[in-house]
Every structure is written in C-alpha cells, then in structure tokens.
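Bear in mind these aren't lab numbers, they're just calculated from the coordinates by the rules spelled out. All of these numbers come straight from a predicted model, not from anything done at the bench. When we count neighbours, we look across all protein chains shown, and the Cβ atoms used for this are built from the backbone with ideal geometry, even at glycine.
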Amino acid sequence: MSELQAIKRRYGIMGNDSGLNRALEIALQVALTNMSVLVTGESGVGKEVFSKIIHDNSPRKHNKYIAVNCGAIPEGTIESELFGHLKGAFTSADRDRKGYFAEADKGTIFLDEVGELPLAMQAKLLRVLESGEFLPVGSSKTQKVDVRIVAATNVNLLQAIERGRFREDLYYRLSQVSIFVPSLRSRKDDIYLLFRLFASKIADEYKMPKISLTPDAQEYLTNYTWKGNIRQLKNITEQMSIIEADKTITLQTLKQYIPPMPSLPVVVDSFNAEQGFSSQKELVMAIFQNKQEIAILKNELNGIKEYIQHILQAENSSPIIISQSNKEPVIYQKPQGINEQEEKENIEELEYSEAKDEKPLKLEEMEKKMILSALQRSRGKRSMAAKELGISERTLYRKINEYNISF
C-alpha cells in the first residue's frame, strides 16, 4: 500500500481525484518542515483534515494540536482566547488564563476561518508569526512560544486585501505553503463512492439495512452541484438512511432531501471558486453584477431578433417585437412613409419607456431577502443558514440585528 493510500485510510478520505491527491502530497511534504500553511477551499470540503495530517506527520506530533474557529469567537474576547489574560485585566477576569497559543507551545495551532479575524488581531497574529512573541491581555511582559500555524479559509483573501479587510503582509506569512482542497462537484467520480461510504457507516452504526440508489437517482446525485460539499452529502445520506423505510432511494425521494439545481448556470466574475466570498455584501454585489451582465446579453439577443424581424417585415409587413419580458411584449409597427432614422428613434423611445418603469431592488433589500430565504430553508437554524450563505455565524448575527430580522 502506498503512503498516499495509507493516509487516506487512516483519515477516512475517499476518492482518487488528481486535485485531492496533489493536496495530500503537498501536506505530507510540508509536514516535515516548520513552514506556515494556508489551506483554502469552499466550506465543507474538509480543510481541517489537512491540518491534522500535517501535525500528525510532523516532528511536533507528540505535542498539542489545538483547533480554533476564528469566526465563532466574539470580537470582544478573541484576543483573550488566543493570547490569554491576567487576573483583573477586565471585569470577568477572576484568574490568570493561558490562551490557545500558550497551550499549543511546541505543537500546532489550526486557525480556521482566519479571514474573519479583525484587523487589530491580524497585527498581533503577524507579530507571533514573525517573532514568536505575544502579550497576554493586561500584561506588559511579552511571552514567547514555538508554535506551528496552519490556517484555513473559504474567503478570497486577495480580494479581502484589495478591500482593506486583510493584511497583505499577514497573507504572505501565512501562505508560505498553500494547499487548495477541490470542491466535491469537481470530483464527480468520487461522489458516489462517498455516498456508499457514508451509507455503510450509518448502517453499521445503527444496525440497519444500507440504502442504495436507483440509476436515475445515482445520476442526479453525481451531477448535483453540492454547494455544501462533503458535509452536505454526508448529512443528506444520514438523513435518508434514518428516515426512509424503503432503502432503495428513487429520484423523487432524493429530490425531497436536496434543493433543486438552478435551471441556468450563473457566472460570477468577482468570485474565485478556490476561495469564496468574504462577506454577504460581496455575494449580493456579485449577484447584482450578474443580473446586469445577463441584461446585456439579453439586449444583444434582442438586437439580433430585431434585425431578423426587420428583414422579414420588409417582405410581409409583420410587426417588430422590440423586447420580451415578464410584461406584455412591446410591439412596434413601422408606419408607412417613415425613414430608417425616424424608425430607429421610435424604437429607442419605446425601449426607454419600458426600462424606466422597472424599479431596481435596493442592495439592502436583496441582502435581507437572501438571509430570510436561507433561514426558511434551514428552518431557523442559523448555523446552517450561515453555511449556505458562505458567511460566518458572527456575520449572520450582525446582519440579522442590522435588518431587524425575526424568524
């Protein structure tokens, strides 16, 4: 058995995708060093597994491994959580407390959702990376630690740098080595293998028959977009295993557990599939930009349609359909004895008249609507809604308060 296959078996990794294998190879190679590692990829692809692989195969494997979700810690307490505090440093500090960095001395600390760190904390983290020193809250005496940092994010940090939300110097210190974990939809050959693995595990755990898929359900499963990646596939497989009495899952049954795929692909120029959106507002802006691009394409198609209909009209005097929307079609009939320039001006006037009647949706309204939809789909579970939106729970809570959303 090769080293790569042994690692997959040890950590329960299923699949032979070339991108996945490359990520594992890099993790094993960099494990022997002390270099900082940045693991990127969409939410749910299993980034933390790579940090464990790096720690377990490093000279630090006999020391502590501590995982910290930076997005789940309130901004007011994150410095104390990471670097500790002295007794009396603030109202509730009734004793000295070691932070995560001090606890992980000589070991490895995994900083998940590192893109959610406030700028002030980014400066303190940079100092640890550069000198190994930090100040506990309420102390004037620096402490020194020897910690290997592995960070992970689904945020596009390069875009965050451009927007002033992430320090460029910290990015380059964290990403001495970068590992990209591919999304599940790019590993189509692995999807059914993972489904069978999860189905077998849940059947063994609860001593029940294993579920299987009809051919059309298997095809749908394989071609589904899997926005939540492996986490979403695992959850759905477990739900069907427990709930469905008929262990042969049909396409109709499968569709009850996963939302329908979009009828049209959406191209988002500002989104990097290897990273993610850094905030809900960026997501809304990207969707708004797509809407504009689709409108441009629609106008170009309408222009071709107008040209063809104009030629046909010359032969049979049929009316010209200027545009087709969710309203009634706007029809222009060329009057007798009118020249081409006057005809063009009339068409442009009709197009303007239709366009000015449409009221654009405000950005805040779009944002609020998307949050409400996500909360409805997750039945009020905010952690699930945050994952679906691609943002942290902290950002979602802030948006709910900002828009006074009750659910």
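Annotations for the structure displayed:
- Sparse-neighbourhood loop sites, trypsin sites (Lys or Arg not before Pro) in segment 166-249 - DSSP loop, at most 10 other Cβ within 10 angstrom: K207
- Filter on K201/K247; K52/K399; K210/K234; K52/K227; K52/K210 - keep pairs with C-alpha separation over 26 Å: K52/K399; K52/K210
- Scattering from segment 1-129 was approximated by placing one identical point on each alpha carbon and applying the Debye formula without solvent; log10 I(q)/I(0) at 0.19 1/Å stands at -1.13.
- Long pairs among K8/K369; K87/K387; K255/K369; K141/K381; K106/K207, criterion Cα-Cα beyond 32 Å: K8/K369; K87/K387; K141/K381; K106/K207
- Sites matching trypsin sites (Lys or Arg not before Pro) across segment 22-91 that sit in DSSP coil, with at most 14 neighbouring C-beta atoms within 10 Å: K61, K87
- Look at the Cα gyration tensor of segment 362-402: its axes a ≥ b ≥ c give a/c of at least 1.5 with a/b at or below b/c, and that counts as oblate.
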